[in-house]
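The values are calculated or read from the model by the stated rules, or taken from the named source; none is laboratory data. What you see is a predicted model; the values in this text were computed from it and never measured. Here the Cβ positions follow ideal geometry from the backbone for every residue, glycine too, while neighbour counts run over all protein chains shown. Only protein heavy atoms, including side chains, enter the accessible area calculation; ligands, DNA and RNA are left aside. Shrake-Rupley method; radii C 1.70, N 1.55, O 1.52, S 1.80 Å.
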Amino acid sequence: GAVGYTADFSNPDEILALFDKIEADVGDVSVLVNNAGIAIPADFLDVTLDDFQQVIDLNLTGVFVASQRAAKRMVEVGIEGAIVNISSINAQLAIPSIVAYCASKGGVMQVTKTAALALAPHNIRVNAVGPGSIETAMVSSINSNPEAMARVMSRTPLGRLGTAREIGDVVAFLASDKASYVTGETIYVDGGRLPLNYTV
C-alpha cells in the first residue's frame, strides 16, 4: 500500500529529513519524481524579489536538493534508479507574466541534462516531462473564462487541455525499464503546442 509523507520542498532541511524518514520507514528510493511547483503571476516590472525567490526555491532548488540526495543514496547502495523531473513547455516558451516560473523550468531542464551526464556511469537515468496546458488547479481560472480558454486552444493543435493521467503515463514510462536507454531528455506533453510556429 501507499504511505504518505509531507514536507516543504522549498526548505532543503525538510527535503533531506524526508529522505531520512522514508529510508528508515520504507527503504531506499529507486524512483524519484520531482513534481512540486508553483507560479506567482505578476507583470515583469512588478515582480518582487521575494516572490521570484520563492518560486526558484521550490521549483528549481528543491529539484536539485531532492535529486542530489536521492542519487547519493542510489550510488552508495548500487541502485540503478530513475529520476523524473516535472518541467514545462515554459522551459523553452516565455510568458511575460511568469518570469520566475519560466526561469525555474529552464533551470530544471538544465539540471536534468547535467544530472543525467553525471549519473550515467552509475546507470541512474534522469529525464523530465514538460507539460503544456493541463487540467489542474493551476489552469482552473482558464477553464472558467471562455476568452482565455479560446486563446489556449488557439495555440494547442490537438484542441483540448491535457489530463493529469496523460502526464502520469509519460512519467511512468520514463521511470520504467521501457525507457532504459533514455536519459537527459525532456519529453513535452503539450498537444503539439511547442512545434507550432504562429505566422498569422
**Request:** Determine whether the stretch 127-150 contains at least one residue that is over 12 Å from the mean Cα position of the chain (by Cα), closer than 16 Å to Glu185 by Cβ and of a type outside the set (Ser, Thr, Tyr).
**Result:** no
**Item:** Some residue of the stretch 149-158 being out of contact with any Gly (no Cβ under 8 Å at 6 or more places or on another chain), at positive phi and open to solvent by 30 Å² or more (accessible area, probe 1.4 Å)
**Value:** no
**Message:** Condition check: under 30 Å from Glu76 (Cα atoms) and in contact with a Leu (Cβ under 8 Å, 6 or more places away or on another chain). Does Val129 satisfy that?
**Reply:** yes
**Message:** I need a count of the residues in the stretch 163-200 that are small (Gly, Ala, Ser) and touching a Phe, Trp or Tyr at 6+ places or on another chain (Cβ under 7 Å).
**Reply:** 1
**Item:** Selection count where residues are aliphatic (A, V, I, L, M) and part of a helix (DSSP H, G or I), scope the stretch 161-192
**Value:** 8
**Message:** If I filter the stretch 138-150 for residues that are in contact with a helix residue (DSSP H, G or I) (Cβ under 9 Å, 6 or more places away or on another chain), of a type in the set (Gly, Ala, Ser) and free of Cβ contacts under 8 Å to residues at least 24 places away in the same chain, do I get at least one hit?
**Reply:** yes
**Fill in**
Within the stretch 177-200, of all residues that are small (Gly, Ala, Ser) and surrounded by 12 or more Cβ atoms within 10 Å (Cβ to Cβ), the one nearest to Val129 (Cα to Cα) is Gly184
**Message:** Being buried (at least 19 other Cβ atoms within 10 Å of the Cβ) and not in a helix (DSSP H, G or I) is the filter here; which residues of the stretch 81-123 pass it?
**Reply:** Gly81, Ala82, Ile83, Val84, Asn85, Ile86, Ser87, Ser88
**Item:** Answer residue from the stretch 27-79, given it is in a loop (DSSP other than H, G, I, E, B) and open to solvent by 50 Å² or more (accessible area, probe 1.4 Å) and is nearest to Thr112 (Cα to Cα) among those
**Value:** Asn35
**Residues of the stretch 125-154 classified as more than 18 Å from Cys102 (Cα to Cα), modelled with pLDDT of 90 or more and in a loop (DSSP other than H, G, I, E, B), total** = 1
**Request:** Can you tell me which residue within the stretch 6-23, out of those that are aliphatic (A, V, I, L, M) and within 14 Å of Thr61 (Cα to Cα), is least open to solvent (accessible area, probe 1.4 Å)?
**Result:** Ile15
